[in-house]
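J.: Just dropping this structure here.
The values are calculated or read from the model by the stated rules, or taken from the named source; none is laboratory data. Computed from a predicted model, the values in this text were never measured in an experiment. Glycine gets a Cβ as well: all are built from the backbone with ideal geometry, and neighbour counts include every protein chain shown.
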Amino acid sequence: MTEIRQIPEDQEAIDVSRELALMPATELLANYRTKKLSPVEATQAALARIAALNGRFNAFCRVDEEGALAAARASEQRWQRGEAKGLVDGVPTSVKDIVLAKGWPTLRGSKLISPDQSWDEDAPAVARLREQGAILLGRTTTPEFGWKGVTDSPLTGITRNPWNDQMTPGGSSGGAAVAAATGMGALHIGTDGGGSIRIPAGFTGIFGFKQSFGRVPAHPLSPFGTLAHIGPMTRTVADGALMLTVLTQPDDRDWYALPPDGRHYLDGLEDGVKGLRIAFAPTLAKAAVDPEVAAAVAQAAKVFAALGAKVEEAIAALPDSYEAFARHWFPGAANALRAFTPAQRKLMDPGLIEIAEAGAALPLLDYLAAVKEREAMGVTMNLFHRDWDLLLTPTLPIPAFAAGREVPDGDTKKRWMSWTPFTYPFNLTRQPAATVPCGFTKAGLPIGLQIIGTLYDDARVLRAARAFERARPWPLPAV
């Protein structure tokens, strides 16, 4: 294992590998087939981007340069023989630091996880990607135990937004989002318990997808229970669909997992949205939305109408679910920390300790009442989707704010859920939800559009995201 190399920010050196590093996985694979490019070249380009940019943005907390290059050379030999190993053979890929990967410590952004133990198991997502030939570059940053919607931790410090390094990229998959946006690999494993894929994807201007609960097997199961999902974070929708095809392969270690549907998610991706019934909700539960965000999302909704969908304003009758979510999330935090002593907890993120203590003190009947609220929300959305194939909302009601803070200035609720009212409801309802970039603020910060689908209809969400991407391609940060 090698340390992360850092080199001076020489723009000429950065530009040398930028084009190759930003090439989508689908294009890399096409170039491997024709032998115009090699997995070694692609891996070297990704590693060069990490070396050049990680000191500024802090996307990776561990890089296995030696292991990645060895895997890339083996992939190159397979492609030269015409014997590609799988769907993503030779594609540079990252793993969030709460997902097990054989040979790498999984420190979860915490000083209290000892690296000196056996790390001999791949999580299902990592196992499937490894089996299909992905080149594993290293680990991306996360807040401690993935507990909040921004990315900073006592272990790895603050992760920063590539559009403005004074701003947060969001979280908890903030490192993965920054890595995707800046070309530090093509495919990135994220996790999402309350928006942790969609929040940072929205703040950094990439594609992120939380599939229907159970579609992607997980092991070990999250301490946050059935709120938690694993999914793709990529620069393009096609790359996300390709990655999802790999991630959805079965794994017997997850007893919540859905039966595999055998689907290749690139099939039908280009079918468009003509004839679909799409609801546009400018807000949910009367949540306030920044005017710049509201205007960009409203314009994005009109794109779907121009593409032939039936688009009407229709707000799903969901309640304000802040408390219902907190009564699931806070006990999950208590569960995650149950083995740590008071002395150890003093080394942890104070906000994590606060919500864990609140979760431990929550009366059982209050938790069970929240479970019933969750069930009712799920039924509400099932009935809503009798009339609507898809629902559009803002991904986030605000643009990115200052890095190193859990909430923006002036927020009175203190916790990250106060500014993420459009993401966590769909963890409670288990529905598929994606985010695509749909514009920028005057300050140059990305704005995200969320696309929510009927439970288990993941393919339609991907198809709609791809239709929007074709109509409104999005730029990447100029770093």
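J.: Scan segment 194-214 residue by residue and report those that are in contact with a strand residue (DSSP E or B) (Cβ under 9 Å, 6 or more places away or on another chain), within 13 Å of Ser172 (Cβ to Cβ), outside any helix (DSSP H, G or I) and not basic (Lys, Arg).
T.: Gly195, Ser196, Ile197, Gly208
J.: If you don't mind, there's one more thing I want to ask. Please work out if Ile447 is closer than 14 Å to Glu292 by Cα, touching a helix residue (DSSP H, G or I) at 6+ places or on another chain (Cβ under 7 Å) and assigned to a loop (DSSP other than H, G, I, E, B). If you could, list the steps in order and put the result at the bottom.
T.: On the way: closer than 14 Å to Glu292 by Cα: yes; touching a helix residue (DSSP H, G or I) at 6+ places or on another chain (Cβ under 7 Å): yes; assigned to a loop (DSSP other than H, G, I, E, B): no.
No.
J.: Can you tell me which residue among Ala68, Ala48, Ala59 is farther than 16 Å from Gly175 by Cβ, buried (at least 18 other Cβ atoms within 10 Å of the Cβ) and touching a strand residue (DSSP E or B) at 6+ places or on another chain (Cβ under 7 Å)?
T.: Working: Ala48 fails: touching a strand residue (DSSP E or B) at 6+ places or on another chain (Cβ under 7 Å); Ala59 fails: farther than 16 Å from Gly175 by Cβ.
When all the criteria are applied, what remains is Ala68.
J.: Identify the single condition in (1) out of contact with any His (no Cβ under 7 Å at 6 or more places or on another chain); (2) more than 28 Å from Ala358 (Cβ to Cβ) that Thr454 does not satisfy, given that it satisfies every other one.
T.: The failed condition is (1).
J.: Can you name every residue in segment 1-35 that is of a type in the set (Val, Ile, Thr), farther than 15 Å from Arg56 by Cα, at pLDDT 50 or above and surrounded by 12 or more Cβ atoms within 10 Å (Cβ to Cβ)? Walk me through how you get there before you give the answer.
T.: To start, the set of residues in segment 1-35 that are of a type in the set (Val, Ile, Thr) comprises 2, 4, 7, 14, 16, 26, 34.
Filter again for farther than 15 Å from Arg56 by Cα, leaving 2, 16, 26, 34.
This time we only want the ones that are at pLDDT 50 or above, so: 16, 26, 34.
Correct list: Val16, Thr26.
Yes or no, residue by residue, for (1) hydrophobic (A, V, I, L, M, F, W, C); (2) within 23 Å of Arg160 (Cβ to Cβ):
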| site | (1), (2) |
| --- | --- |
| Ala433 | yes, no |
| Ala443 | yes, yes |
| Leu449 | yes, no |
| Glu469 | no, no |
| Ala478 | yes, yes |
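Condition check ((1) touching a residue at least 60 places away in the same chain (Cβ under 8 Å); (2) among the aliphatic types (A, V, I, L, M); (3) part of a helix (DSSP H, G or I)) across all residues:
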| site | (1), (2), (3) |
| --- | --- |
| Tyr32 | no, no, yes |
| Ala46 | yes, yes, yes |
| Ala52 | no, yes, yes |
| Leu69 | no, yes, yes |
| Arg78 | no, no, yes |
| Ala84 | no, yes, no |
| Val88 | yes, yes, no |
| Ser94 | yes, no, no |
| Val99 | yes, yes, no |
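J.: Quick one: how many residues across segment 372-385 are exposed (fewer than 14 other Cβ atoms within 10 Å of the Cβ) and either β-branched (Val, Ile, Thr) or outside any helix (DSSP H, G or I) (or both)?
T.: 1
J.: Only residues that are under 30 Å from Tyr367 (Cα atoms) and touching a helix residue (DSSP H, G or I) at 6+ places or on another chain (Cβ under 6 Å): list them for segment 283-316, please. Even if it seems obvious, please write down each step before you answer.
T.: Taking segment 283-316 first, the residues under 30 Å from Tyr367 (Cα atoms) are 283-289, 315-316.
Selection gives Ala316 alone.
J.: Just to check your reading of the model, which residue among Arg198, Arg235, Arg215 is touching a residue at least 60 places away in the same chain (Cβ under 8 Å), within 19 Å of Tyr322 (Cα to Cα) and of a type in the set (Lys, Arg)? Walk me through it before giving the result.
T.: Details: Arg235 fails: within 19 Å of Tyr322 (Cα to Cα); Arg215 fails: within 19 Å of Tyr322 (Cα to Cα).
Answer to the selection: Arg198.
J.: So which residues in segment 218-227 are out of contact with any Pro (no Cβ under 7 Å at 6 or more places or on another chain) and in contact (Cβ under 8 Å) with a residue 40 or more places away in the chain, if there are any at all?
T.: Taking segment 218-227 first, the residues out of contact with any Pro (no Cβ under 7 Å at 6 or more places or on another chain) are 220-227.
Of everything in segment 218-227, those that are out of contact with any Pro (no Cβ under 7 Å at 6 or more places or on another chain) and in contact (Cβ under 8 Å) with a residue 40 or more places away in the chain turn out to be Pro220, Ser222, Pro223, Phe224, Gly225, Thr226, Leu227.
J.: Can you tell me which of (1) under 24 Å from the mean Cα position of the chain (by Cα); (2) exposed (fewer than 14 other Cβ atoms within 10 Å of the Cβ) is the one Asn335 doesn't meet?
T.: (2)
J.: Look at Lys414 and say whether it is more than 25 Å from Thr248 (Cβ to Cβ), at pLDDT below 95 and among the charged types (D, E, K, R).
T.: Details: more than 25 Å from Thr248 (Cβ to Cβ): yes; at pLDDT below 95: yes; among the charged types (D, E, K, R): yes.
Taking the combined requirement at face value, the residue satisfies it.
J.: Can you pull out every residue in segment 86-125 that is surrounded by fewer than 24 Cβ atoms within 10 Å (Cβ to Cβ), out of contact with any Gly (no Cβ under 7 Å at 6 or more places or on another chain) and within 17 Å of Ala25 (Cβ to Cβ)?
T.: Leu87
Rundown of residues vs (1) acidic (Asp, Glu); (2) assigned to a loop (DSSP other than H, G, I, E, B); (3) touching a Pro at 6+ places or on another chain (Cβ under 8 Å); (4) surrounded by fewer than 15 Cβ atoms within 10 Å (Cβ to Cβ), yes/no style:
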residue	(1), (2), (3), (4)
Val289	no, yes, yes, no
Ala305	no, no, no, yes
Ala324	no, no, no, no
Trp329	no, no, no, no
Ala339	no, yes, no, yes
Ala343	no, no, no, yes
